[in-house]
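The values are calculated or read from the model by the stated rules, or taken from the named source; none is laboratory data. Quick caveat: nothing in here was measured; it's all calculated off a predicted structure. Cβ placement follows ideal geometry from the backbone for every residue including glycine, while neighbour counts extend to all protein chains displayed. Note: areas computed on protein heavy atoms with side chains; ligands, DNA, RNA excluded. Shrake-Rupley method; radii C 1.70, N 1.55, O 1.52, S 1.80 Å.
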Amino acid sequence: MQFFIDTANIEEIKKYARMGIIQGVTTNPALIAKDCTGCADLKGVIKEICSIVNGPISAEVISTDTKGMVKEARMLSKLHKNIVVKIPAVPDGFAAADVLSREGIKTNVTILYTANQALVAAKVGATYVSPFIGRLDATSTDGIGLIDEIVRIYKNYGYKTKIIAASMRNPIYVKKAALSGADIATIPPDVLNQMMRSELTELGLKGFLDEWAKMPEKVRTCFTKGR
Ligand code: G3P
């Protein structure tokens, strides 16, 4: 499973890119509005993200009609070879994704809530689909069940469209998406941080170090001397 980071925050992207655990980045207009307030050059922000992570970088259109989406997508795709254009899963969006996939522009059909939307996205040649799992759960609908359905449908017909499990609210979502066979999870920085932690690990480590501290100092320094 690949991990993308779901943020437009440059410092967070740099931090997790240095750790080597992210293979791509997803942004959306809300994340850009949150993390880039005061940025005069939004195209520059997207280019900077592309310079930090050498993998798929999703940037979303803001038009709501096919013509406008296609125009914005062409502009975004020219910013960097790794740009993937996020297109909302609405009728105009599917029409735009169809045009763009014929032009070789990579698309990520987003804000997706049903298996049928995922099926249509695959038919128009979308590179990725982003089912919003956490938001779906918040409406008392089984978000992970949606991933199961899309995985099965794509397998039935050999569709190449990749599934990005999105709207990951906590580490349990990521684990369940991995068990369901999502190709990618796009994960906010705080959830990535939680995924690396266990209270038991911290307690265990403390226990080891407390025992170690009981050794005579000259023995203890043998590991750290000359480091
Ligand atoms: O990538 C999708 C994501 O940005 C939406 O997540 O947490 O706003 O539901 P959230």
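Residues considered: Lys15, Lys34. Of these, the only one that is within 13 Å of the ligand (Cβ to nearest atom), open to solvent by 60 Å² or more (accessible area, probe 1.4 Å) and within 23 Å of Ala165 (Cα to Cα) is Lys34.
For region 150-160, a residue qualifies if it is open to solvent by 100 Å² or more (accessible area, probe 1.4 Å) and either in contact with a Pro (Cβ under 7 Å, 6 or more places away or on another chain) or among the charged types (D, E, K, R) (or both), and the qualifying residues are Arg152, Lys155, Lys160.
Out of Ile105, Ile147, Ile163, Ile133, I need the residue that is at pLDDT 95 or above, open to solvent by less than 40 Å² (accessible area, probe 1.4 Å), within 26 Å of Gly55 (Cβ to Cβ) and more than 15 Å from the ligand (Cβ to nearest atom). Which one?
Ile105
Any chance region 180-192 includes a residue that's open to solvent by 40 Å² or more (accessible area, probe 1.4 Å) and of a type in the set (S, T, N, Q)? No, every residue in region 180-192 fails to be open to solvent by 40 Å² or more (accessible area, probe 1.4 Å) and of a type in the set (S, T, N, Q).
Just one of (1) within 26 Å of Asn116 (Cβ to Cβ); (2) away from the ligand (no atom under 16 Å from the Cβ) trips up Lys175, so point out which. Lys175 satisfies every listed condition except (1).
If the condition is being over 14 Å from Ile5 (Cα atoms) and among the basic types (Lys, Arg), then region 154-189 contributes Lys155, Lys160, Lys162, Lys175, Lys176. Exactly one residue out of Thr224, Thr186, Thr201 is among the polar types (S, T, N, Q) and touching a Phe, Trp or Tyr at 6+ places or on another chain (Cβ under 9 Å): that is Thr186.
Residues that are closer than 14 Å to Thr27 by Cβ, surrounded by fewer than 20 Cβ atoms within 10 Å (Cβ to Cβ) and modelled with pLDDT of 95 or more within region 43-71 comprise Lys47, Glu48, Cys50, Ile52, Val53, Gly55, Ile62, listed in sequence order.
Residues that are without any contact (Cβ under 8 Å) to a residue 12 or more places away in the chain number at least 2 in the following helices (runs of 4 or more DSSP H) confined to region 127-194: 143-157, 171-180. No other residue among Gly68, Gly24 is in contact with a Phe, Trp or Tyr (Cβ under 6 Å, 6 or more places away or on another chain) and of a type in the set (Gly, Ala, Ser) apart from Gly24.
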